[in-house]
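Here the structure is laid out as structure tokens; the discussion comes afterwards.
The values are calculated or read from the model by the stated rules, or taken from the named source; none is laboratory data. Everything numeric here is computed off the predicted structure, so don't read it as measured data. So basically every Cβ, Gly included, is an ideal-geometry build from the backbone, and we count neighbours across all protein chains shown.
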Amino acid sequence: ISKPFEKQMVKLCPASSMFTFPQETNTAHVRLTSSQNLQAVTVCLRFFTDLKRDYSLFSLALPSFDNDFLLLKSANLDSFQMYLNAWHSVCSTWDSESGLGQLWFDGKPSVRRFITDQSTTCCPWTGIFTILTKNEKDQKFYGGKFDIKQSFVGMMTDVHMWDYVLSSCEIQNYVDNLNFSPGNVLNWKALTFEITGRVLIENKQLTCH
């Protein structure tokens, strides 16, 4: 059982470390903090799960708005082919000037869609980034409890966040684990984070040949 961590600078090697979320929960999560104002954003991460239901992978919560930026895998979303019990890479981009967002799954892009509304364009983004287990629709307070039926169970690694929209080539370099510029908002190699509940830091399981 992992013990809650105080906020600290932790160096995580992308090739060998991962967060493990071993069970459904409405409380366990990893909280990352940043004071940056964001007019654009790219989030990339890799995950491994056997879930067939809805689950959230990443969210940004503000005191005034709980659902500013959310990566939610829907059970009914068939736009991309996804295999269970396998590592997948996902990147999401959003630009406040154009209002356009896009999802990249294992290097394959979605169509660019206008996803801005008044609640997200009135103010720059700044707040708490919560990886996994979070469902803002049922959040009762800033950084509060989450919906257990949308909690993530599995492993996650290589979490990066930038305050600009990555180019398609930069995203492909991330997906292929080639040389890429680490996130300037969240950098997997040096995260300040706080763990609540049963979340483990483990060596990444690599495929042996």
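Observations on the model:
- Just one of the listed residues (D106, D147, D68, D158) is at positive phi, in contact with a helix residue (DSSP H, G or I) (Cβ under 7 Å, 6 or more places away or on another chain) and either at pLDDT below 85 or of a type in the set (D, E) (or both), and it is D106.
- Pick from the range 48-65, criterion at pLDDT 85 or above and under 9 Å from the mean Cα position of the chain (by Cα), ranking: surrounded by the fewest Cβ atoms within 10 Å (Cβ to Cβ): L57
- Residue in the range 157-175 that is crowded, with 21+ Cβ neighbours inside 10 Å and of a type in the set (G, A, S) present: no
- When the range 1-40 is filtered for residues that are among the charged types (D, E, K, R) and either at pLDDT below 80 or closer than 30 Å to E97 by Cβ (or both), the ones remaining, listed by number, are K3, E6, K7, K11, R31.
- Listed by first and then second residue, the pairs with beta-carbon distance under 7 Å, at least 6 apart or on different chains, first residue in the range 151-170 and over 18 Å from F21 (Cα atoms), second among the small types (G, A, S) and at pLDDT below 90, are D163/A40; Y164/A40; V165/A40.
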